[in-house]
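A.B. asks: Following this message is one structure expressed as structure tokens.
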Amino acid sequence: MLGTSNHICPPKAIGSPATEAKALEAPGLKRDPMNLIRNALKSATKYTFRRAHPSDYQGINRVQKLCFPSEREHTDKDVFEMGQLNGSEFHKFVIVQENARGSGEDDIAAYIMYQLHEELGAHIVSLATSPYHQKQGHARDLMRFSLRHAESWGCPKSSLRVRSSNEAAIRLYRSLGFSEAKREIAYYWDPVEDALSMEIDMMASASGVSGPEYQLRLPWGLQIGLS
């Protein structure tokens, strides 16, 4: 899958015990972010934010099957494992519930995949939150992180595509400063639907991305800056 898949699913109840979470460093981020996450979380919580591991593919794929109506919007394993995509660096982050249900495996609550290119800008490839972990701000947190990461690269813009019927996602993107650039007719299949191509100008009035509103505010209340 090389297009954009963005979805916010209907909420369902969450019923797993809280575990103590920690912020993990993700080595290799260019020029900044994630040395970003250098403060350990100070309180017990269900969630951890980290770079996606290859072993997360199955969990991410399960979230995609819950959220996306078309298999064309599911990420192929070989694409997921790429470090670069279409000449851009390819980054993947997850918010997980650790040792979910005592299984020894992390439960993927939400994920984001995006490309970074200094000249072409950032592009959100895929973003979704599991129906079992809704209403906790995960999608907003991941989008904020991607914008700060793009800013640290000097990307001129960030872009994404979203189904034209996905009103919840469109409201989220507009609240973050994205606006509609164009409508792509019948971009999605199964069912056939138009895509809204949305962009944010990272250079316009610094795009507001440097302000505190774009610091990563995780669900447990710890605010992590990228500087």
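A.B. asks: Please pull out the direction-averaged projected area of region 99-193, using the convex hull of its alpha-carbon atoms, in nm² to one decimal place.
C.D. replies: Hull-based average projected area comes out at 7.8 nm².
A.B. asks: Then there's this: Any idea how far apart residue 118 and residue 165 come out in nm if each label point goes 7 Å out from Cα toward Cβ?
C.D. replies: Result for the modelled spin labels: 4.3 nm.
A.B. asks: Please work out the FRET efficiency for the pair residue 192 and residue 76, using the Cβ-Cβ distance as r and a Förster radius of 22 Å; give the result to the nearest 0.05.
C.D. replies: Plugging the Cβ-Cβ distance into 1/(1 + (r/R0)^6) gives 0.55.
The numbers here are math on the coordinates, done by the rules we state, and not lab data. Bear in mind the structure is a predicted one, so any value in this text is a computation, not a measurement. Here the Cβ is made from the backbone with ideal geometry for all residues, glycine too, and neighbour counts use every protein chain on show.
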